[in-house]
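*Asks:* Before anything else, here's the structure in question.
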Amino acid sequence: MVSIPRTAMVLAAGLGTRMRPLTDTKPKPLIEVAGKPLLDHVLDRLAEAGVERAVVNVHYLAEQIIMHTKSRTKPRVTISDERGLLLGTGGGVVKALAELGTAPFFHINSDTIWIDGVTPNLTRLTQAFDAATMDALLLLAPTTGSIGYAGRGDFAMAPDGRLNRRAEREVAPFVYAGAAILSPAMFKGAPQGEFSLTDLFDRAADVGRLHGLRLEGLWMHVGTPEAVGEAEAAIRKSAS
């Protein structure tokens with residue numbers, strides 16, 4: 001029987017500098033896309049997947065996010081306060097591990113949204129995750145064709161789903177879509193303080209325990225003000 005993660009880590013502590021001027025007075029997770037804050041797109045999707053509690057880290061304009069999530073019950077929100085020190089994508093999870101529990105958990109960026117295919121992608125992640133062979137299962141989007149992304153990709157994926165990071169001058173077919181299932185075991189021996197989660201992804205890849213799952217549907221990286229309009233247009237098109 002597939003075990004659905006009951007907890008999730010939502011990264012909402014970034015400064016949102018690329019989203020200025022929209023983020024001059026509002027934190028990036030509260031920027032609205034199609035009439036709903038980015039953070040609510042993520043939390044609603046987690047609720048639909050069966051998540052009962054989400055740990056949301058905060059730093060920039062933290063009070064707005066704390067107030068916004070205060071009354072939420074599905075999922076319940078626990079705040080991980082990083083106002084004193086921004087810990088990065090890896091350090092933020094280490095700080096929150098005690099709240100996340102001992103079972104695998106969802107890990108999701110607050111600025112990533114997508115249009116699902118027939119089966120919700122978080123459900124597909126749950127069905128594909130195998131703690132015996134994986135420390136992390138990343139949701140991956142095609143480097144070409146995604147909304148708001150113009151980079152060179154992150155990973156190549158083997159037929160069995162194992163991932164290798166793109167070499168510096170290469171172009172990779174897949175980009176990390178900002179959603180994953182992670183095992184707490186991946187953080188054993190992790191450094192304290194600020195560090196990037198990519199360091200642990202690389203360590204897992206070296207021992208063959210970093211896997212990927214291709215996203216079904218359309219991924220939208222909302223990293224700039226221009227990307228907001230592009231994402232809204234894609235959502236309108238999918239609803240028509």
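Computed from the coordinates by the stated procedures, all read-outs in this text should not be read as laboratory data. Just so it is clear, the structure is predicted and the values come from calculations on it, not from any experiment. As a convention, Cβ positions derive from the backbone with ideal geometry for all residues, glycine included, and neighbour counts pool all protein chains shown.
*Asks:* Residues with beta-carbon under 13 Å from that of R6, excluding R6: net charge, scoring Lys, Arg +1 and Asp, Glu -1?
*Replies:* +1
*Asks:* In region 100-140, which chymotrypsin sites (Phe, Trp or Tyr not before Pro) are in a loop and have at most 15 other Cβ atoms within 10 Å, using DSSP for the loop call?
*Replies:* none
*Asks:* Ranked highest first by the average count of other Cβ atoms within 10 Å around their residues, in what order do 132-140, 92-100 fall?
*Replies:* Packing order, densest peptide first, comes out as 132-140, 92-100.
*Asks:* Starting from the Cα of K36, draw a straight line to each of the lysines and keep only those under 27 Å, dropping any in the same chain fewer than 8 residues away.
*Replies:* Here the lysines satisfying the reach criterion relative to K36 are K26, K28, K70, K74, K237.
*Asks:* Another question, then. Near K188, which lysines are there with a Cα under 17 Å away, not counting those fewer than 8 places off in the same chain?
*Replies:* K95
*Asks:* Sort 53-60, 67-74 by the packing proxy (mean of other Cβ within 10 Å over each peptide's residues), most packed first.
*Replies:* Ranked from most to least packed, the peptides come out as 53-60, 67-74.
*Asks:* Here's a follow-up. Taking every Cα atom in region 165-237, find the radius of gyration and the maximum pairwise distance Dmax, and write them in Å.
*Replies:* 15.8, 46
*Asks:* By the scheme Lys and Arg +1, Asp and Glu -1, what is the net charge of all other residues having a beta-carbon under 14 Å from that of G178?
*Replies:* So the surrounding residues net to 0.
*Asks:* Right, next: Gaussian network model of the chain, Cα springs within a sub-10 Å range: biggest mean-square fluctuation belongs to which of D160, D206, D24?
*Replies:* Its mean-square fluctuation being the largest, the pick is D160.
*Asks:* What is the Cα convex hull volume of the chain when expressed per residue in Å³?
*Replies:* Residue-normalised Cα hull volume stands at 129 Å³.
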